[in-house]
Amino acid sequence: MKRIIAIAGLLCALQVNAQSVDEAIRYSWFIQQGTARNVATGGVMASLGGDITAAHVNPAGIGLFKTGEFVLTPGMGFNGNKFNYRGNDTSVRKSGFGMGASGIILGGGSKYQGSKWTSTAISFSVNQLANYNNRIQFQGLNNVSSFTEQYLEELTRDRADTNAALFNYVFGSSLAFRTFLVDTLRGPSGNFIGYQSLVPLSTGVKQYYDATTTGGYNELALAMAGNMDDKLYLGGTLTVPIINYSRDLNYSEYDATNNTNNDFAFFQFREKLTSRGAGIGAKLGMIYKPQESFRIGVAFHTPQLLGFRDEIRAWLTANTENYAGLRTESSDRLRDNAPGRREYNVITPLRAIVSASYVFREVNDTRMQKGFISADVEYVQYNATRYNAIDQSNNQLNNYYDLLNQTIKDYYKGNINARMGGELKFNTFMVRAGAAYYGSPYRSADLKADRFLVSGGLGYRNKGMFIDLSYAHLFNNAVQMPYALNDKPNTFAVQKGSIGNLVMTLGFKF
């Protein structure tokens, strides 16, 4: 555990404005989203089909459509996070709107006489795979480590002279050095021997971490599927992922004593990050009916290739009392008001899903069906996320991404997600329920992180119109590190939160 976090801390110190290892699961560890029907049944969709969500899970399920359908799915998320940091509890809530699977499906019989294909279908849809609207907030007393020590590690590792400390690290270490939060350390003869932090760890500091994140991971999907004798369904989806992510981080440390002569009162650090990306990927799937009431589904999601452009700004204010007083510095001033920019590519992990469903009273006329029970098992190779530089001629940057990718392999692992759900139909009304478990992506057992979801909902279908309403409640266990250090044990906040998701789907058949 300590070795893995130490490597992660070293990576964080390589470049202040570079990626951290924790960003790798932003694009892979998320809960299955879709229409209200899909959400209510725990996200099972790999062998069911007959829902526009199938285009984003197992596109073979689009092949069950023989008519057209238009679907719209708005939603609302309710985050309730609880953090324990060094024995201190904090609770925070944040809500935001989202959009589940929405779009249009065009289905019909085969145009070719004598063809084995009974029908074909095509769909165009959008679905939000992950919602980043959240707030992470915790505080506590720390006499072991300080946020400023990552600056000391960076300057010491690079053997930075004072000129480098002033100009080369404009999003972190240079701000600390210019405000005298970090200063030179002199020997008995006045010679330079290194750097020191003015934070008085011996008496402790009060630490405050507050990060607000917004945005989402959305996916455009063009799916095609065919139905062979109402027994075998094959489909494929071309996906275009579009990602918008913003984080506004406010971090501060305050002197835990009333001593006005210890050369430290407080410092406040703020960082604003925006990340925008788009890419391409594919999903392939099959559904087979060995018996009329039994369905088996298999789906494979290729890694998605994403291109990103990030912008970052940072500000730091420090009060070192009699040492240098109150001073403020920013990356904007050091860069003529221009943000720092980085461009890079990310390859996301592959996914493989196997599924089985039993449909009660399975007949061609779906209005006569009485319900179903279904289960999905999904494997995600979380440690397969890969970063690479767009500028391949930059050997230093290439070496950095090689090191980052190796750390991702060491830090994460592949794991299993399991979902189960069902529906009972009473003429035009449906009742649904489901549950899901998402295993930890971390290799270390010390980082306890998993997610458990329970869900339910109601549906109404009549005369070509349907409306579904569902609610899903996610119990979330995770960890949040305010900073990562290489030379001492890292501290982190234990997160035990919940996310409520209220979703409604309105649809029309034509």
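Results, tabulated for the structure shown:
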| quantity | calculated |
| --- | --- |
| Candidates Tyr437, Tyr401, filtered to the one that is in contact (Cβ under 8 Å) with a residue 24 or more places away in the chain, at negative phi and of a type outside the set (Gly, Ala, Ser) | Tyr401 |
| Considering residues of segment 129-140 that are modelled with pLDDT under 95 and either buried (at least 22 other Cβ atoms within 10 Å of the Cβ) or among the aliphatic types (A, V, I, L, M) (or both) only, the residue nearest to Pro200 (Cα to Cα) | Ile136 |
| Breaking point among (1) more than 30 Å from Asp263 (Cβ to Cβ); (2) at pLDDT 95 or above; (3) of a type in the set (Asp, Glu), for Asp89 | (2) |
| Residue satisfying all of: in segment 402-417; touching a helix residue (DSSP H, G or I) at 6+ places or on another chain (Cβ under 6 Å) and part of a helix (DSSP H, G or I); nearest to Tyr442 (Cα to Cα) among these | Tyr411 |
| Segment 195-217, subset without any contact (Cβ under 8 Å) to a residue 60 or more places away in the chain and surrounded by 13 or more Cβ atoms within 10 Å (Cβ to Cβ), residue nearest to Tyr245 (Cα to Cα) | Ser197 |
| Listing of strands (runs of 3 or more DSSP E) fully contained in segment 229-308 that carry 3 or more residues being touching a helix residue (DSSP H, G or I) at 6+ places or on another chain (Cβ under 7 Å) | 232-255, 266-291 |
| Matching residues in segment 94-116 - criterion: being hydrophobic (A, V, I, L, M, F, W, C), assigned to a strand (DSSP E or B) and either touching a Lys or Arg at 6+ places or on another chain (Cβ under 9 Å) or modelled with pLDDT of 95 or more (or both) | Ile104, Ile105, Leu106 |
| Condition met for Arg341 (touching a Phe, Trp or Tyr at 6+ places or on another chain (Cβ under 9 Å) and not in a loop (DSSP other than H, G, I, E, B)) | no |
| Odd one out for Ala338 among (1) closer than 30 Å to Phe264 by Cα; (2) free of Cβ contacts under 8 Å to residues at least 24 places away in the same chain | (1) |
| Among the residues listed as Ala278, Ala256, the single one being in contact (Cβ under 8 Å) with a residue 12 or more places away in the chain, closer than 30 Å to Gly140 by Cβ, surrounded by 15 or more Cβ atoms within 10 Å (Cβ to Cβ) and aliphatic (A, V, I, L, M) | Ala256 |
| Subset of segment 309-335 [of a type in the set (Asp, Glu) and under 14 Å from Glu271 (Cα atoms)] | Asp310, Glu311, Glu329, Asp332 |
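The values are calculated or read from the model by the stated rules, or taken from the named source; none is laboratory data. These numbers come from a predicted model, not from an experiment. Here Cβ is always computed from backbone atoms with ideal geometry, including for glycine, and neighbour counts include all displayed protein chains.
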